[in-house]
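*Asks:* What follows is a single structure, and I will ask about it in a moment.
The values are calculated or read from the model by the stated rules, or taken from the named source; none is laboratory data. Everything numeric in this text was worked out from a predicted model, so none of it was measured. Heavy atoms of the whole protein, side chains included, go into the accessibility calculation; ligands, DNA and RNA do not. Shrake-Rupley method; radii C 1.70, N 1.55, O 1.52, S 1.80 Å.
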Amino acid sequence: MAAHDLKNLATRLAALGQNLSDSFEDPLFKPIALDVLKDTVGRLQRLAVDLREHEGRVSVKLRVDVNRLLEEALFDVRPGVGSKCEIFLDAEDLPPIWGDAFLLRRAFSCAIENSLQAMNGVRGAIMLSTRTHRRKGAARIKVEIADTGPGMDIDFLKERLFCPFSSTKEDGMGLGVYTMGQVAALHGGTVRISSEPGVGTRVRFYLPAAEK
């Protein structure tokens, strides 16, 4: 998870460096560059704190509010939202779940970041939603992150998506989706992904609600 986060931050700095060479003389670019640098430094500092506080930790599950974790995950990545990409949040009142807030927030952030990277500055939308589903008397929480990006073909979905070190990105590490699946499994849940080229991708987390 840390490797995935570091790679994303390195990619952001590399893009900033390229834009600096192209737009160094543009006075309008300076405040944008400073904002990106400030936000990137902040993310690196938060990552360092997370690694220090959770080094050698065991997973601790408490009753957590999934809506709050999703909002925090969105806040973590929101500065990366391009002007052409809109984000919509539709959160339903949910029962709590037994979960590790740190791991779940990072998994949600990873899914949102993947959608942002898929959009790659093009006009479109990312839709976040939460719902409660009941099956045979048991409640499950569904967290969905959907985008209108380029999508993935069926062969990649079936053969490589959940394998570590497989990626649709030219410089991707292939850790994001694999990590999301591991976090969901740790919570007794699952991750399901559907996608279609030219239409977009939907990532759905299913997590068991806490019993009263």
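*Asks:* Would you kindly state how much longer the chain becomes between residue 41 and residue 19 on full extension, computed as 0.36 nm times their sequence separation minus their alpha carbon distance, in nm to one decimal?
*Replies:* 6.1 nm
*Asks:* With a 1.4 Å probe and all protein chains kept in place, how much accessible area does residue 12 have, in Å² rounded to the nearest 10?
*Replies:* 50 Å²
*Asks:* Long-range amide H contacts for residue 210: which residues qualify at under 5 Å (H placed 1.01 Å from N, peptide plane, sequence gap of 5 or more or a different chain)?
*Replies:* 97, 98
*Asks:* Also, quick follow-up: By how many nm would the segment from residue 11 to residue 182 lengthen if fully extended, with 0.36 nm per residue of separation less the alpha-carbon distance? It would help to have the intermediate numbers written out before the result.
*Replies:* Numbers: separation 171, 0.36 × 171 = 61.56 nm, distance 2.41 nm.
59.1 nm is the gain from fully extending residue 11 to residue 182.
*Asks:* Could you sort 142, 84, 38 by their accessible area in this structure, using a 1.4 Å probe and putting the largest first?
*Replies:* The ranking, largest first, comes out as 38, 84, 142.
*Asks:* Now for a separate question. On a 1.4 Å probe surface of the protein chains, which of 97, 87, 154 comes out largest in accessible area, and what is the full order?
*Replies:* Details: 97 0, 87 30, 154 100 Å².
Greatest to least solvent exposure: 154, 87, 97.
*Asks:* Using a 1.4 Å probe and counting only protein heavy atoms, arrange 206, 178 so the residue with the most accessible area comes first.
*Replies:* 178, 206
*Asks:* Here is a follow-up. Tell me which residues come under 5 Å, amide H to amide H, from residue 125 once H is placed; ignore anything under 5 positions away on its chain.
*Replies:* Amide H to amide H, under 5 Å and 5 or more residues apart or across chains, residue 125 pairs with 86, 148.
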